1. Taking interchain pairs and intrachain pairs at least six residues apart, which have beta carbon atoms under 6 angstrom, with the first residue in segment 290-308 and farther than 15 Å from residue 135 by Cβ and open to solvent by less than 10 Å² (accessible area, probe 1.4 Å) and the second assigned to a helix (DSSP H, G or I) and aliphatic (A, V, I, L, M)?
2. Anything in segment 173-185 that is under 19 Å from residue 135 (Cβ atoms) and either touching a residue at least 40 places away in the same chain (Cβ under 8 Å) or of a type in the set (Phe, Trp, Tyr) (or both)? List them, or say none.
3. Are there any helices (runs of 4 or more DSSP H) wholly within segment 233-343 with 3 or more residues that are more than 20 Å from residue 160 (Cα to Cα), and if so which?
4. If I ask for residues that are modelled with pLDDT of 95 or more, crowded, with 18+ Cβ neighbours inside 10 Å and not aromatic (Phe, Trp, Tyr), which ones from segment 29-46 would you list?
5. Which is of a type in the set (Val, Ile, Thr), open to solvent by less than 20 Å² (accessible area, probe 1.4 Å), at pLDDT 95 or above and farther than 14 Å from residue 155 by Cα, of 256, 286, 334?
6. List the pairs whose first member sits in segment 189-202 and is part of a helix (DSSP H, G or I), whose second member is crowded, with 18+ Cβ neighbours inside 10 Å and at pLDDT below 95, and whose Cβ atoms are under 7 Å apart, counting only residues at least 6 apart or on separate chains?
7. Within the group 14, 23, which residue is part of a loop (DSSP other than H, G, I, E, B), acidic (Asp, Glu) and open to solvent by 20 Å² or more (accessible area, probe 1.4 Å)?
8. Looking at residue 4 and the list (1) within 22 Å of residue 259 (Cβ to Cβ); (2) under 20 Å from the mean Cα position of the chain (by Cα); (3) surrounded by 15 or more Cβ atoms within 10 Å (Cβ to Cβ), which single condition is not satisfied?
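The values are calculated or read from the model by the stated rules, or taken from the named source; none is laboratory data. Note that this is a predicted model, so its numbers are computed, not measured. Neighbour counts run over all protein chains shown; Cβ positions are idealised from the backbone, glycine included. Side chains are part of the model used for accessible areas, which takes the heavy atoms of the whole protein and leaves out ligands, DNA and RNA. Shrake-Rupley method; radii C 1.70, N 1.55, O 1.52, S 1.80 Å.
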Amino acid sequence: MKTRFIYNCPFSLERGGCLPSLEITYHCYGKLNESKDNCIWVCHALTANSDVADWWPNTVIENGFLDPDRYFVVCANIIGSCYGTTGPLSINPSTGEPWFNEFPKLTIRDLVKAHSLLADHLGIDKIFSLIGSSVGGFQALEWVAIEPERFNSLVLIATSAKASPWTIAIDETQRMAILADGTYGEKNRTAGSKGLATARAIGLLTYRGGSGYNLTQQDIPGLDESVPDSHRACTYQQYQGEKLVNRFDAYSYMTILDTFDTHDIGRGRGGVENVLNSIKIPVLVIGITTDIIFTPEEMKYISQRIPKSVYREIKSEFGHDGFLVEHKILNQIIKDFFNNIED
């Protein structure tokens, strides 16, 4: 069920300034039980939305790890996005026009602060498990660091405790693509569209990696074996760029990329290791063998420093996107973890 929460108070931001008010769009699946202890909260990634059942196939199903007959599943669209939560295309009340590129700068801690407000609004003091994949994991780790008492367990999938130079470089390359589009900065919703399409194509290279592309985008030879005029990989890149442009905007994309680069759970807390060592709840950390964004080595680093952590690894040819593709093994790994902590 899609719902909207309006916070009619100034929402202060870590990097200065504030939003006059805050609107949060969120989805719920299942029902909160009488003891209010069956909530699973999912933090979404870059261009996803609050509808987990839409972007994470075969998870919000009977016997899935987000089984709505067993759990009350919540996912909130993040600030800065364009799926109903306050972002660059929202109206700036001081001008009566959308914010566009004048939208305030955010941090991961701002996103988490909004999650916390929503959880309070829903009356959820204790969350059975917090799940974050990719940059959703940034939010999950940050939230546990801020409010450790709110959670019974944590699941981290293909993520990191701090934005690395490698991930920041990926983001910067995508920003360069958008800024190279001369329309970016114009006060309209389609500004920077060509740059956004290119940025998406760049991002996809890191999501799937060579193994994923070589598995799925091979040219199909013609009967006469002539030199092809185009390649399947080329049309795939173009299609994926256009597909994102049809559902997203360059201003929101830039805002979110900038926000993700602020990620560092150790900032102001004595460093990353100090924070990881302080997490006392059971934690499941899942790496993907071919992930070149958040490598298995990085995931093992996180797991080895959390006292009650277990590490599992998914063998996949689909790189970082393996967490979206390998739903059968993912369901089994997470369900086993839940069963162990419930015993």
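1. Sorted first by the residue in segment 290-308, then by its partner, the pairs are 306/276.
2. The first filter runs over segment 173-185 and keeps only residues under 19 Å from residue 135 (Cβ atoms), leaving 173-175, 177-178.
Across segment 173-185, the qualifying residues are 174, 175, 178.
3. Details: elements: 250-260, 272-278, 296-305, 322-325, 327-342.
Passing ranges, in order: 250-260, 327-342.
4. 30, 38, 39, 40, 42, 43, 44
5. None of the other options fit; the residue is 256.
6. Going by the 7 Å Cβ cut-off, the qualifying pairs are 201/237.
7. On the way: 23 fails: part of a loop (DSSP other than H, G, I, E, B).
Going through 14, 23 in turn, the sole match is 14.
8. (3)
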